[in-house]
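**Q** Quick one: the structure is below, and I'll ask about it shortly.
The values are calculated or read from the model by the stated rules, or taken from the named source; none is laboratory data. Since the model is a prediction, treat every value here as computed from it, not as a measurement. Here Cβ is always computed from backbone atoms with ideal geometry, including for glycine, and neighbour counts include all displayed protein chains. Ligands, DNA and RNA are stripped out before the accessible areas are found, and what is left, the full protein with its side chains, is counted by its heavy atoms. Shrake-Rupley method; radii C 1.70, N 1.55, O 1.52, S 1.80 Å.
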Amino acid sequence: MDGFGRIIRNLRVSITDRCNFRCTYCMPAEGLDWLPKTQILTYEEIQRLVQLFVRLGIEEIRLTGGEPTVRKDLPSLIRLLAPLQSEGMKSLSITTNGILLDKLAGPLAEAGLTRINVSLDTLDPDKFHQITRRRALDQVMSGLEALERYPSIRPIKVNVVAIRGFTTETDVLALAELARRKPYSVRFIEYMPLDADGNWQSDLVMSGEELRQIIDRKWPLDRVAGIDPSSTSVVYRFADGRGEMGFINPVTEPFCATCDRIRLTADGQLRTCLFSIDETDLKTPLREGASDAEMESIVRAAVWLKEKKHKINEGDAFQRASRSMSQIGG
Ligand code: SAM
Ligand code: SF4
């Protein structure tokens, strides 16, 4: 529990800062200054920390990055973490750009992955190239189809970042149509100000409400009630019953008051808010042989101080995250 009484149940673990895409809003074309390999937590270190977090009450574990599938033998990490279900872990998921799922869906399912988020901003091959700087839309679509063969990984969520000037009504409707045609839950996430992206301006944000209206005009949407209050997404069903859509609105409707999320960076720093400038070093004590009890008190003290407001006070400007999304664990 943090100092505001929020129960923290959700841990995102960035397992690498590297990526095989170069999404324009996330990384420059030449990549970032990658963390040296010795600074990155090993799978055994990740397992020890995740186990500690689960014993402290964390229920949802999401592996992210960077691109988690570029880390060598990801299924072996999933295999190390899956047994934590017997200690209270309720879901073990990854967020991925999807390019390697064609090959990895089976091994990940077999290893014990239970949920997945695939990021996909457009269904237009040229625009996909423009935003990711890779010609890989077909591979991502095959990856999504591969997931359909493994019912133990559900739901299949597709995350979309919409950016004004790039995302058109045609893109939005094509993605909504994907949610109607396929067993995927498509969710739009508002474009957030992050460190590696010098292009962010508030007028580039397409609000969830604006996106919802575009879709609702073509296919009426009904709000789904009774979603968990700590859930970040507002969920709608198509009135004709074919599929559902979600909207995650961190910019226009910040959900700090109910945030139940903390993050572990690829180099073993605990971050209690995406927009925080503070981190708590877990790697050093871990590598210096701290006991579980010592690690637990470091974690409890850091979580107690979890932030509640990510807007800076003057004006309406957003505070930028102080590291790139790929190191923090988007
Ligand atoms: N490489 C994986 C992927 O793309 O799914 C995992 C890491 S990526 C940083 C996680 C998510 O963060 C992706 O869905 C990506 O679109 C999203 N993201 C990155 N920069 C963002 C930004 N400025 N605003 C909103 N979402 C962002
Ligand atoms: Fe890579 Fe994901 Fe960032 Fe795109 S959003 S560059 S896929 S880490």
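**Q** Go through 67, 30 for me and flag whichever is free of Cβ contacts under 8 Å to residues at least 12 places away in the same chain, within 16 Å of ligand 2 (Cβ to nearest atom) and acidic (Asp, Glu).
**A** Details: 67 fails: free of Cβ contacts under 8 Å to residues at least 12 places away in the same chain.
Matching residue, one of 67, 30: 30.
**Q** Right, next: Filter the range 286-330 for residues that are modelled with pLDDT under 55 and over 19 Å from residue 198 (Cβ atoms); which is nearest to ligand 1 (Cβ to nearest atom)?
**A** Here the residue is 311.
**Q** Give me the pairs, please: first residue somewhere in the range 243-261 and open to solvent by 30 Å² or more (accessible area, probe 1.4 Å), second residue anywhere and in a strand (DSSP E or B) and among the basic types (Lys, Arg), beta-carbon distance under 6 Å, and either six or more positions apart or on two chains.
**A** Here the result reads 244/237, each pair linking the range 243-261 to a residue that is in a strand (DSSP E or B) and among the basic types (Lys, Arg).
**Q** Next up: Which residue pairs have Cβ atoms under 8 Å apart, sit 6 or more places apart or on different chains, and have a first residue in the range 3-24 that is within 12 Å of residue 262 (Cβ to Cβ) and among the β-branched types (Val, Ile, Thr) and a second that is near ligand 2 (Cβ under 9 Å from one of its atoms) and open to solvent by less than 10 Å² (accessible area, probe 1.4 Å)?
**A** Here the result reads 13/64, each pair linking the range 3-24 to a residue that is near ligand 2 (Cβ under 9 Å from one of its atoms) and open to solvent by less than 10 Å² (accessible area, probe 1.4 Å).
**Q** Would you mention how many residues in the range 99-128 are within 11 Å of ligand 2 (Cβ to nearest atom) and either in contact with a strand residue (DSSP E or B) (Cβ under 6 Å, 6 or more places away or on another chain) or within 20 Å of residue 85 (Cα to Cα) (or both)?
**A** 5
**Q** While we're here: Within the bounds of the range 97-110, is there any residue that is open to solvent by 40 Å² or more (accessible area, probe 1.4 Å), assigned to a helix (DSSP H, G or I) and under 19 Å from residue 19 (Cβ atoms)? Before the answer, list the steps.
**A** We begin by selecting, within the range 97-110, every residue open to solvent by 40 Å² or more (accessible area, probe 1.4 Å); these are 100, 102-103, 107, 110.
Subset that is assigned to a helix (DSSP H, G or I): 102-103, 107, 110.
If we keep only those that are under 19 Å from residue 19 (Cβ atoms) too, we end up with 102-103.
Yes; the residues of the range 97-110 include at least one that is open to solvent by 40 Å² or more (accessible area, probe 1.4 Å), assigned to a helix (DSSP H, G or I) and under 19 Å from residue 19 (Cβ atoms).
**Q** Now a separate question. Taking residue 1 as the residue in question, decide whether it is within 16 Å of ligand 1 (Cβ to nearest atom) and out of contact with any helix residue (DSSP H, G or I) (no Cβ under 6 Å at 6 or more places or on another chain).
**A** Values: within 16 Å of ligand 1 (Cβ to nearest atom): no; out of contact with any helix residue (DSSP H, G or I) (no Cβ under 6 Å at 6 or more places or on another chain): yes.
No; evaluated as a whole, the condition is false for this residue.
**Q** Assuming residue 11 fulfils every condition listed in (1) open to solvent by less than 20 Å² (accessible area, probe 1.4 Å); (2) part of a strand (DSSP E or B); (3) within 16 Å of ligand 2 (Cβ to nearest atom); (4) not hydroxyl-bearing (Ser, Thr, Tyr) apart from one, which condition is it?
**A** Single failed check for residue 11: (3).
**Q** While we're on this one: Look through the range 188-217, keep the residues that are more than 16 Å from ligand 2 (Cβ to nearest atom) and outside any helix (DSSP H, G or I), and return whichever of them is most open to solvent (accessible area, probe 1.4 Å).
**A** The extreme case among them is 201.
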